[in-house]
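The values are calculated or read from the model by the stated rules, or taken from the named source; none is laboratory data. Everything numeric in this text was worked out from a predicted model, so none of it was measured. Cβ placement follows ideal geometry from the backbone for every residue including glycine, while neighbour counts extend to all protein chains displayed.
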Amino acid sequence: MSGRRNAPASPRNGHLLLGPACLMMLAAALLVFGARVREGQVLTLWDLVPWGLWLMSSCGLALCLTVWRYQGPPAFPSILILLAGIGVMVRARMAGSLEEVSGLREWVPALGMAWTILVWCLFRKGRIESLRRFWFLSYILALLIPAALLVFGTRFRGAVYAPGGMTPTELVKILIPLAAAGFFANPDFQWKGRSLFRFRFGPTLRLVMGWALLCGLLVLQRDLGMVVLLAFSLLAMLIAITRSWSWALPAIGAAVGGGWLVLRYFEHGARRLTAWTDPFADPTGAGWQVLQGVSGLYAGGLTGTGPGGGRPDRIPIGSSDFVYAVYGEEAGFLGSVLLLFLFGLLFAQGNRIASNQHADFSFLLAVGITAGLVGQVIVNIGGVVTLLPVTGIPLPYISQGGTSAWVTGILMGLLLALSEPGTAAKKSSGKKQKKK
Amino acid sequence: MIPNPPLHVLTPFFADEGWRILSKGLWVGFLLGFAWLILRLTVWTLGERAGTPRHRMPAGIRLLVWVGIGALMVKQAGWQLLGRQNEAFVGFMQRYDRREFNPAHRVRAGKILDRNGHVLVESRVTDSGIRRWYRFGPIFSHLIGYNHPVYGLSGIESGARETLLGRELRSRDDLISLGAGLLDRESYAEGPALYTTLDLPLQRTAYEALAGRNGSIVILDVRSGAVRAMISQPDFDPNRLGPSVFNRSGSEGGLVNRAIQGRYPPGSVWKVLIAAASRQKGADRTLPTPPEGFTTSPSTPPIRDHSYYLAKEQGRTWKGYGSLNLDEALTVSSNVYFAQLGVLTGAASLQRAVSGMGFTSPVTLMSGSAPALRLPAIAGDDLSDQRPYAIAQFSIGQGELLVSPLQVAMLMAAVGNGGTSMQPRVLESQPLKPLGRLCTPAVAAQIRSMMRNVVTSGTGQKMEIPGLPVAGKTGTAEIGQGRNPHSWFAGLVPADTPRWAFCVLVEEGGYGSASALPIARDVVETAYRDGFLR
């Protein structure tokens, strides 16, 4: 045990478990390609591209972290590399069966890691604090994107898309944590330590109005999943800065009221709710998608069919909303638990990063990004396994979808930048640790 | 355009048989490697120092997320590992999941048994998947129904579908088998067997007795309401379903279960209910039965007795039965007597009798079953003392009154059960449930002895079987000009301590004593001789 005390708890920069991850991915690639060849498909050089992109970006990340002396915990980038790998595996598997996951569409998400590296380089060493000034601009942009999309976008499957099938609304996932962190950290508004029962009128009014406006725009787009995960992220930030649980009360009230409104005025909302509470009430209609998804899970069983053994074409919207069912069928319950653990570790890392912050803004940003991401995971997977109603948001790192993958890459880049002790805070933290 | 060369180099490697085994090894390696990485990362994460206590992700949010992740795992395990426990889910997958490797397709529905454990239906593994095999073909066609991958479900097969697929965890052995099932994916697991109340030899006897005639036979256990036999003709063979079966749909087709869904005027068998209602009211009336019949106003045609028409056909004149009491009137089945009796008894008492039988609201024989196992209500509410002629017609089982053979059998069963009407049961597991009370036990005993007189000295004399006292009532239901009337015979056996109530209906069979009675006698006598009635 004495050796452990001398050595740091986690190995320093360098390998990031890259070797074992590469071996895993080699096995995955062989399994996926083997299954596709046995199905009678002809593999091409292009099918190797996403795997190559993963290898290059992972090695690139490791290289950059080493060369520029990454100071944070190495477990965090290792988790990102592993998640990106699982995503490449699942999408490569679907590329054989699903039209919407082929060619370029399969390549684009693999580039998310490049964004992580870029954003980390840009905002490390405390530079992220400079974003604080732009909180109001971020908010305005967060309003403009859905508003513009309402005017210029096209509807498909109930949601609104920009030309080219892009979903720019995803950018709101970056803008809102930035805006909210800046807003709550602003000393003028005095959010710190304020419970609901000692609220200040001005800032609270701003918060309510701002949130209502954004919600309205997102609900018009029927992007209810986005509303839910932004609300979760905002609530986490609000409780984190005020250190008072009293703010959960109006949040619960708004959730109940909003839920009632959705049920009352949105037909598809009510349909999804019955599909959730009793999928067997209308198995061939409202319950169809969810039941096909869990049928795939059941077919996979404990150890799964192995990559390529499942039938992703049997799961409606298997490439994005229900990608977890595709993964769960082939990876089995064991593989699913491992993936859930991986997301759990990401959350734990996010918590560590948040608690290592000294400035309010970066602390709130870490809290907002972590809560938003893990909220997205729970809402997506919860929809598949019928813990929650289906809301139609993608699973970070795994789902098909370029915009979503890039936005996740940017968010993780911000978190990676936050995971290093900033230059300004470095000295004080060092002192504190010495005192202990 | 960038060239995109195919990678044929790899094809022979994957096509090799050795790849199959290698791929299993690779997959195990992948999962183990994944698990090892997770373990490693967990150790790293736990080893990292937490930051300042001033800045923390709120504890409640952390709790919420971890509980959420745990709930995801539990919920997923409920589908992925314990899905076999959810009968509705297995049923869904068998119907709508097209993955041929899904183990749900290998789950077999349980056997359907008669009350003594004779197998009536079982699941067989065939080349084209699992098929239901109906051992006795058309004999049980209507009540048990069918379960067919193309044509769907009907009857008990439909109502009990989920039960037949189910598997409850009750004992330690069940848990062990669940664990084993998770590993070997439950090859050919079978659902629990279902005991029906049906009696195979009795059903077979009844089926053979009715052969060739359109109609129905129902035999009920008097005390419990258990359906011991139920025949409807024409029928179909559930092993040979095809488009032709479904093309002949509607009232003429073989798919209709006449015993439950049939709507027939009951004719004179209904007089048993009128007699019970009248006796329950307390009056013992002696009424004249003139040959010119009885009517309630000059504008309505008189209701006469069959003997009048018979005599008229033969060119004789009929002098009427004279004054009759209830016992005598039931024995000779006098329409004139019962039309008067019904009007004198009054709408309220008759309605009480109908609702006492439980006929005023639909009776579901099996919850969750198709409408084929739902007994429709009899409209008894429209009786009114303001419309005496309708009451007179109701009292002889004609007019707007329509009943099913099961309802007539239930009427007999109520008389045999001391006046209490029992809900018909088709499964042994269904609880006994009284539907209501037709009359007191004393009245029921009186009615029973009158029905015994019908067989010893009345219209049902041919039903007399040496050694087995039978009580019964004939029925001849007119269905319009130029068509033979429906023929009924219903009764109780043995008459002194009734155990079985039976009802035979032959569509357009003529007089009740002419066609339904011989069939009833055939069934009861064979059953008695072969010992099923003991």
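Here are the numbers for the structure shown:
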| item | result |
| --- | --- |
| Test: residue in region B:510-530 that is assigned by TED's automatic domain parsing to the domain that holds B:Ala209, touching an Asp or Glu at 6+ places or on another chain (Cβ under 7 Å) and under 27 Å from B:Ser232 (Cβ atoms) | no |
| Scope region A:379-388; condition crowded, with 24+ Cβ neighbours inside 10 Å and either outside any helix (DSSP H, G or I) or facing another protein chain (nearest Cβ under 9 Å) (or both); matching residues | A:Ile381, A:Val384, A:Val385 |
| Residue list for region A:39-54, filter: more than 10 Å from chain B (Cβ to nearest Cβ) and buried (at least 20 other Cβ atoms within 10 Å of the Cβ) | A:Pro50, A:Trp51, A:Leu53, A:Trp54 |
| Cβ pairs under 6 Å, 6+ apart, first in region B:92-114 and at the interface with chain A (Cβ under 7 Å from one of its Cβ atoms), second among the β-branched types (Val, Ile, Thr) and buried (at least 22 other Cβ atoms within 10 Å of the Cβ) | B:Ala104/B:Val90 |
| Selection from region B:473-522 of residues that are touching a Gly at 6+ places or on another chain (Cβ under 9 Å) and among the basic types (Lys, Arg) | B:Lys473, B:Arg499 |
| Selection count where residues are over 16 Å from the mean Cα position of the chain (by Cα) and of a type outside the set (Asp, Glu), scope region B:218-237 | 4 |
| Which numbered condition A:His358 fails, given (1) part of a helix (DSSP H, G or I); (2) at the interface with chain B (Cβ under 9 Å from one of its Cβ atoms); (3) of a type outside the set (A, V, I, L, M, F, W, C) | (1) |
| Residue count, region A:299-342 (criterion: more than 20 Å from B:Phe89 (Cβ to Cβ) and within 7 Å of another protein chain (Cβ to nearest Cβ)) | 8 |
| Matching helices (runs of 4 or more DSSP H) fully within region B:250-359 where at least 1 residues are closer than 17 Å to B:Met412 by Cα | B:258-261, B:271-281, B:326-332, B:347-356 |
| Search result, residues across region A:194-232 that are among the β-branched types (Val, Ile, Thr) and closer than 18 Å to A:Phe136 by Cβ | A:Thr204, A:Val208 |
| Members of region A:377-399 found to be within 13 Å of the chain's Cα centre (by Cα) and on the phi < 0 side of the Ramachandran plot, listed by number | A:Val377, A:Ile378, A:Val379, A:Asn380, A:Ile381, A:Ile393, A:Pro394, A:Leu395, A:Pro396, A:Ile398, A:Ser399 |
| Residue in region B:492-507 that is of a type in the set (D, E, K, R), outside any loop (DSSP other than H, G, I, E, B) and assigned by TED's automatic domain parsing to the domain that holds B:Ser224 present | no |
| Residue list for region B:97-123, filter: surrounded by fewer than 16 Cβ atoms within 10 Å (Cβ to Cβ), at pLDDT below 85 and outside any loop (DSSP other than H, G, I, E, B) | none |
| Failed item, numbered, when A:Leu342 is tested on (1) under 16 Å from the mean Cα position of the chain (by Cα); (2) crowded, with 24+ Cβ neighbours inside 10 Å | (2) |
| Qualifying residue in region B:283-291 (condition: touching a Cys at 6+ places or on another chain (Cβ under 8 Å) and surrounded by 24 or more Cβ atoms within 10 Å (Cβ to Cβ)) | no |
| Neighbours by Cβ (under 7 Å, 6+ apart or cross-chain): first from region A:22-38, more than 7 Å from every other protein chain (Cβ to nearest Cβ); second basic (Lys, Arg) | A:Val32/A:Arg93 |
| Out of A:Ile117, A:Ile79, A:Ile128, A:Ile140, sole residue that is without any contact (Cβ under 8 Å) to a residue 40 or more places away in the chain and either out of contact with any Lys or Arg (no Cβ under 6 Å at 6 or more places or on another chain) or outside any helix (DSSP H, G or I) (or both) | A:Ile140 |
| Search result, residues across region A:249-298 that are within 12 Å of another protein chain (Cβ to nearest Cβ) and either assigned to a loop (DSSP other than H, G, I, E, B) or of a type in the set (D, E, K, R) (or both) | A:Asp278, A:Asp282, A:Pro283, A:Thr284, A:Gly285, A:Gly287 |
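Table: residues versus (1) farther than 25 Å from B:Arg131 by Cα; (2) assigned by TED's automatic domain parsing to the domain that holds B:Ser334; (3) surrounded by 24 or more Cβ atoms within 10 Å (Cβ to Cβ).
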{"position": "B:Arg240", "(1), (2), (3)": "no, yes, no"}
{"position": "B:Arg258", "(1), (2), (3)": "yes, yes, yes"}
{"position": "B:Gly262", "(1), (2), (3)": "yes, yes, no"}
{"position": "B:Ser268", "(1), (2), (3)": "yes, yes, yes"}
{"position": "B:Pro301", "(1), (2), (3)": "yes, yes, no"}
{"position": "B:Arg304", "(1), (2), (3)": "yes, yes, no"}
